[in-house]
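S.K.: Okay, handing you the structure first.
The values are calculated or read from the model by the stated rules, or taken from the named source; none is laboratory data. What you are looking at is a predicted structure, and each value in this text was computed from that prediction instead of being measured. Methodologically, a virtual Cβ is constructed for each residue, glycine included, from the backbone with ideal geometry; neighbour enumeration extends over all protein chains shown. Heads up: the accessible areas ignore ligands, DNA and RNA and are worked out on the full protein's heavy atoms, side chains in. Shrake-Rupley method; radii C 1.70, N 1.55, O 1.52, S 1.80 Å.
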Amino acid sequence: MKQLSSKRITISFGMLALALATVLAFAPAQAYANVQKSDVIAGETVANRNLSAAQCPSVEASSVLLMDSDGNVLFERNADEHVNIASITKVMTAVTAVEYASLDTEITVSSTAAAIGESSAGLQAGDTLTLQEALKAMLWPSGNDAAQSIAECVGAQILKEQGNASPTSTESVEAFVQAMNDTSAKLGMTNSLWANPHGLDDGVYASQEMYSTARDVATLANYAMKIDAIRSITSQDGGTVTVIRDGATTGVELESTDELFGVVEGVLGVKTGFTDAAGECFAGAVEQNGTRLISAVLNSTSSSMRFTDTRTLWEWAYENMIDYAAAQTTQTTVNANGATVPLVAEVADAAWTDKTVPATLENPNQTFRVFALAGNVSQEVTYYDINGSVKAGDVVGKITYYQQNEVIGTANLVATQDVAAPNPLEALGIWWSRLIGGFSGDDGVADSVCYNEVELIYDKSSLSAA
């Protein structure tokens with residue numbers, strides 16, 4: 001992973017001391033010129049977290065959001081600002097298409113679609129292809145011709161199902177765009193408005209009102225990556241699209257516009273975008289070591305910088321991911337198999353006045369993947385009611401782990417040794433002891449004890465201000 005760093009240059013000449021001091025004072029600010037104190041990391045600003053610039057991602061884009069596949073937001077900048085997103089629109093087109101039509105739906109390329117211009121998959125008027133192939137033609141090279149064709153054909157199908165037997169091309173596209181907005185609303189994308197299926201926003205499309213946000217784009221990309229039909233396409237660096245052209249089957253070779261293939265391990269796509277109004281944009285997804293990240297980089301400073309911004313975000317996030325051990329105790333005990341295991345707790349057995357059941361975790365090596373900068377882990381211990389004999393391996397409680405008040409996982413407490421129930425004579429003695437003890441307020445049961453102590457992983461007091 002790339003480690004952000006700044007160089008300190010030492011010059012021994014006294015006459016340059018003042019110049020050196022000036023260089024050192026401003027070197028970090030220059031190296032991390034695009035870290036803003038208002039940037040938000042795991043719900044709290046850089047300023048409030050007291051983070052140094054070197055601990056934060058330095059990105060050029062004006063609107064940014066990074067989340068994991070569970071929707072936990074790791075980083076954001078102007079994430080709710082309304083902006084144009086250009087061809088990232090095609091992700092919504094893909095999601096809507098698979099929601100409303102099967103992958104074998106026939107898509108016919110009209111003369112309007114073939115002549116739409118800008119980025120193209122090279123489709124020709126009269127070509128036919130399945131929706132699955134049309135999605136490739138749209139998502140790999142950002143084909144506006146494919147996006148228009150999908151909207152016309154799937155929109156027509158929507159209208160026919162509603163009773164309009166012969167919709168016009170315009171009516172069909174309008175119906176599809178309405179379906180895009182309906183789908184968007186279902187996904188909770190409350191700050192997005194769609195006006196066409198391809199994202200063009202100049203020329204004849206300049207008067208159309210359309211916008212989204214980094215938060216909504218990340219939400220959309222996250223959802224799209226859970227759809228096999230879409231992820232299987234975006235995670236490839238191009239390929240062959242099969243079309244029927246002039247009655248013959250033809251293969252059209254297309255390449256993805258995603259430049260991170262072969263550069264970053266685990267790339268899943270998702271979609272580039274550019275117009276003068278939107279700037280250079282990229283919605284990305286990556287998966288490494290079982291952790292998937294989703295990013296939205298909108299209005300970056302150049303075509304290459306949108307990918308640099310994305311890599312910076314991904315690498316920073318993975319560098320701050322740790323495997324937090326569920327067992328955090330220095331105490332040990334021996335289980336029924338003679339193995340030494342962590343002594344996590346002692347759970348009271350209510351059948352006795354003074355006995356507890358030694359307990360470890362069901363999986364003593366259990367870990368949780370957490371984002372360190374999100375804050376420390378806390379735990380809540382639940383002891384189950386035990387009143388009688390216990391066998392080694394019986395579940396006697398559980399620990400629930402939290403980060404930022406969100407559950408990150410649970411672990412079962414299991415007995416490490418057998419504990420027998422009292423025999424009749426012992427039970428009589430316990431009854432008598434409790435009867436006598438009751439006069440003094442003694443409840444007659446041992447206390448449960450937890451030896452697990454959560455480890456400090458984020459110490460705000462040790463960090464330097466940005």
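S.K.: Kindly sort GLU287, GLU259 by accessible area of their heavy atoms, largest first, with the probe set to 1.4 Å.
M.R.: Values: GLU287 75, GLU259 110 Å².
Final ranking, largest accessible area leading: GLU259, GLU287.
S.K.: Separate question: Under a point-charge model restricted to the Cβ atoms of Lys and Arg (+1) and Asp and Glu (-1), what is the dipole moment magnitude of the chain relative to its Cα centre, in debye to the nearest 20? Show your work: numbers first, answer last.
M.R.: On the way: 24 positive and 55 negative charges, 197 e Å.
Dipole about the Cα centre, nearest 20: 940 debye.
S.K.: Within the stretch 111-130, name every residue whose backbone N is under 16 Å away from a label modeled 7 Å from Cα of THR240 along the Cβ vector.
M.R.: Answer for the stretch 111-130: 130.
S.K.: So what's the angle, to the nearest 10 degrees on a 0 to 90 scale, between helix 89-100 and the longest Cα principal axis of the chain?
M.R.: For 89-100 against the chain, the angle is about 80 degrees.
S.K.: Residues in the stretch 354-368, backbone N under 18 Å from the label point at ALA427 (7 Å along the Cα-to-beta-carbon vector): list them, ranges by number please.
M.R.: 354-355
S.K.: Based on the alpha-carbon gyration tensor of the chain and its eigenvalue square roots a ≥ b ≥ c, which shape applies: rounded if a/c is under 1.5, prolate if not and a/b is larger than b/c, or oblate? Write down the numbers at each step before the final one.
M.R.: Numbers: a/c = 3.01, a/b = 1.66, b/c = 1.81.
Oblate shape, in that a/c is at least 1.5 and b/c is the bigger or equal ratio.
S.K.: Would you please state which residues of the stretch 358-381 a label at ALA420 would reach in this model, taking the label point 7 Å out along Cα→Cβ and a backbone N cut-off of under 14 Å?
M.R.: Those under the cut-off are none; the list is empty.
S.K.: Work from the charge dipole of the stretch 273-397 (Cβ charges, +1 for Lys and Arg, -1 for Asp and Glu, about the Cα centre) and give the residue of GLY375, ALA345, ASN320 farthest towards its positive end.
M.R.: It is ASN320.
S.K.: Test of understanding: what is the full-extension gain from LEU187 to THR330, defined as 0.36 nm times their sequence separation minus their Cα-Cα distance?
M.R.: Working: separation 143, 0.36 × 143 = 51.48 nm, distance 4.60 nm.
Here the answer is 46.9 nm.
S.K.: Of the cross-linked pairs LYS226/LYS398; LYS226/LYS271; LYS355/LYS398, which ones have a Cα-Cα span greater than 25 Å in the structure shown?
M.R.: Working: LYS226/LYS398 31 Å; LYS226/LYS271 15 Å; LYS355/LYS398 19 Å.
From the list (LYS226/LYS398; LYS226/LYS271; LYS355/LYS398), the Cα-Cα distance tops 25 Å for LYS226/LYS398.
S.K.: Ordered by packing density, taken as the mean number of other Cβ atoms within 10 Å over each peptide's residues, highest first, how do 59-69, 112-122, 160-170 rank?
M.R.: Details: 59-69: 22.8, 112-122: 18.4, 160-170: 11.5.
Ranking, from highest mean packing down: 59-69, 112-122, 160-170.
S.K.: Heavy atoms only, 1.4 Å probe, whole protein assembly: order CYS281, CYS450 by accessible area, highest first. List each step's numbers first, then the result.
M.R.: Numbers: CYS281 0, CYS450 40 Å².
Order by accessible area, largest first: CYS450, CYS281.
S.K.: Please work out the FRET efficiency for the pair SER302 and ASN337, using the Cβ-Cβ distance as r and a Förster radius of 56 Å; give the result to the nearest 0.05.
M.R.: On the way: r = 61 Å, r/R0 = 1.09.
Efficiency, rounded to the nearest 0.05: 0.35.
S.K.: For the pair ASP385/ASP323, report the inter-label distance in nm, with labels modelled 7 Å from Cα in the Cβ direction.
M.R.: Label-label distance for ASP385 and ASP323, simple model: 3.9 nm.
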